[in-house]
Amino acid sequence: MTWAIWSPEDFPKRGDGGYLIDYAQAYRIQITLHADQWTELDPDGFYKDTYVTSWVDKEADQKEVTISARELAARICRDRGMEFNGAYYPAGLMFCNTDKETPETMKALEVEGKRRNLEFRKKTVESFEMQFRVKMQGGPGRWTPTTYEKECYDILGVKPPEVVNRPAQQAPANVQIIQPDPGMISQLIAAEVEKRMAELTAPKR
């Protein structure tokens, strides 16, 4: 039997600093997934995992378990997602036994995965905009979306909040910028220098 995972996104993906983040893994086993592709798991169908229940005598307590490819696929697909207000929204990973499923069934799984992924991205955007509103009210939110959040905005065809899009140094359209007079600046500097020199040369009491 050949178990495989289909993903609407790449795992792992690049974070804001260019480093890898958000791995697809379970039981300390990491799988590389590519967007819109089926990734077959180990054809032998088994993975080994070790664990201990007592750190006092780690070597004596160490145990080994065998994890089937199906169990690994199910756990990865279940874990890749996000929780909002107590409800769980999966990112859209799907899995099946490719030896038994028809191409039509696999295509249906892909369609459902894409639908779930769009819902997941909507929740991701809503989560950021909630933080944005908190920030506007003086709370511990964020002004700028992450690289992944920007990708969600692009895929959904919507724009981040207006303040995020506005260049930091751009003045509002109804504000006239008045350039200072160089002569006036020179006079102010000269007056400040004269004042400081007077303070330095004044007799001490």
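Structure above, values below:
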| item | result |
| --- | --- |
| Exclusive hit being in contact with a Gly (Cβ under 6 Å, 6 or more places away or on another chain) and farther than 15 Å from E149 by Cβ, set R78, R116, R70 | R116 |
| Cβ pairs under 8 Å, 6+ apart, first in segment 140-166 and over 22 Å from D22 (Cα atoms), second modelled with pLDDT of 90 or more and not in a helix (DSSP H, G or I) | P160/P145; V163/W143; V164/W143; V164/T144; V164/P145; N165/K159 |
| Identity of the residue in segment 1-43, among the β-branched types (V, I, T) and free of Cβ contacts under 8 Å to residues at least 40 places away in the same chain, that ends up surrounded by the fewest Cβ atoms within 10 Å (Cβ to Cβ) | T32 |
| Any hit, segment 81-96, residues being part of a strand (DSSP E or B), among the acidic types (D, E) and surrounded by fewer than 16 Cβ atoms within 10 Å (Cβ to Cβ) | yes |
| Number of the condition not met by V164 [criteria: (1) within 19 Å of the chain's Cα centre (by Cα); (2) assigned to a helix (DSSP H, G or I); (3) at pLDDT 90 or above; (4) surrounded by 14 or more Cβ atoms within 10 Å (Cβ to Cβ)] | (3) |
| Inter-residue pairs, beta-carbon under 8 Å, first in contact (Cβ under 8 Å) with a residue 40 or more places away in the chain and in segment 118-133, second in a helix (DSSP H, G or I) and not small (G, A, S), 6+ apart | T124/Y148; T124/E149; T124/C152 |
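The values are calculated or read from the model by the stated rules, or taken from the named source; none is laboratory data. Remember, predicted model here, so these are calculated numbers, not experimental data. Please note: Cβ atoms are built from the backbone with ideal geometry, for glycine as well, and neighbour counts cover all protein chains shown.
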